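J.: Here it is: the structure, laid out below.
The values are calculated or read from the model by the stated rules, or taken from the named source; none is laboratory data. All values derive from a computational prediction rather than experimental measurement. Note that we place each Cβ from the backbone using ideal geometry, even for glycine, and neighbour counts take in every protein chain shown. Calculation scope for accessible area: heavy atoms of the full protein, side chains included, ligands and nucleic acids excluded. Shrake-Rupley method; radii C 1.70, N 1.55, O 1.52, S 1.80 Å.
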Amino acid sequence: MQITATMVKELRDLSGAGMSACKNALVEAEGDIKRAQEILREKGLAAAAKKAGRVAAEGLVIAVVAPDYLKGVVVEVNSETDFVAKNEGFINFVNQVADQALSSNAQTVEALLEEKWAADPSQSVKDVLTQQISTIGENIGIRRFERYEAGPGSAIVKYVHGGGRVAVMVEMIYGESCGDACDNMCGEAGRNICMQIAAMSPQYVCKNCVDPDYVAKEKDFHTKQALAEGKPANIAEKMAEGRLNKQFKEICLMEQEYVKEDGITVAEYLKSVAKDHKCAPAVKRFVRYEKGEGIEKKEENFAEEVSKAMQG
């Protein structure tokens, strides 16, 4: 059977695969479009399996919030290279994954991968991911996501920095009495808090939120350190408290110095907002994703790589 350009285009539109791959699949399937789709899928699975072991530490993190601000999600999708992360097709895929995760009830990446793809229910999320790997030619992975649903008097706020390098999502409590007159100020406060988190990487909302076991362990460490320095027990304990409070100023959002105004903490900034308006914005919880954090990247020796290539 003769394979026409129209047939190749139709298969390309359906699969997203390259022109050459579509033509070869149609030849193998003797012009049967459905069978050609299956052939492409089978070959895509094989290609994805070969790439699965390759480190993917680039990519994008993005945050998406529903129009009513009552639901939001932050997602990380990785690629092997920064070049691919800037590819329009990859960016569109990441945005679709975020939309999928926002409307999903899945609690894990594994469960999300098994869902029907919202844009084409004949395929699963995993099927579409496999196609992306096959088409782009790199290992791509949906690494993680976190979804928030706002409680009464709360709203979800998000911020994405550096074109997808850092993404932050915060549940801000504004209170039931917060009216339209406060909307702009509250929205600004939420964005400012998101930028603070993006810049300063806090681990907890406030010092009362810190794991008590961590506090006890750190206090014991600092006390022993002061005793080893020759300080009396009562002084060592006070020094330990001081050093612990210094740590709180680094790891606790409310204790951090507010980056947009010298000399005040984040807690004091929020109090100033409350003083000027009939609401008292507060942070209930937050999540901060940084692209590739925690992934061990393979160290490349470029000179050695070129030398090996020259030696054949």
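J.: Once you put a point 7 Å from the Cα of residue 224 and another 7 Å from the Cα of residue 87, both along the Cβ direction, what distance in nm separates them?
T.: 5.1 nm
J.: Carbon and sulfur together cover what percent of the accessible area of segment 63-221 at a 1.4 Å probe radius?
T.: For segment 63-221, the apolar C and S fraction of the accessible surface comes to 51 percent.
J.: Could you provide, to the nearest whole Å², the per residue accessible area of segment 211-254 with probe 1.4 Å?
T.: 65 Å²
J.: Over what distance in Å are the Cα centres of segment 229-249 and segment 55-87 separated?
T.: Taking the Cα centre of each part, segment 229-249 and segment 55-87 sit 42 Å apart.
J.: Also: Could you state the accessible area per residue of segment 57-203 in Å², with a 1.4 Å probe and every protein chain left in place?
T.: Normalised by residue count, the accessible surface of segment 57-203 is 45 Å².
J.: For each pair in 126/284; 207/271; 246/291; 158/217, compute the distance between the two Cα atoms and list the pairs where it is over 26 Å.
T.: Flagged as over cut-off: 126/284; 246/291; 158/217.
J.: Based on the mean of other beta carbon atoms within 10 Å per residue, what is the order of 227-239, 255-267, 77-89, most packed first?
T.: 77-89, 255-267, 227-239
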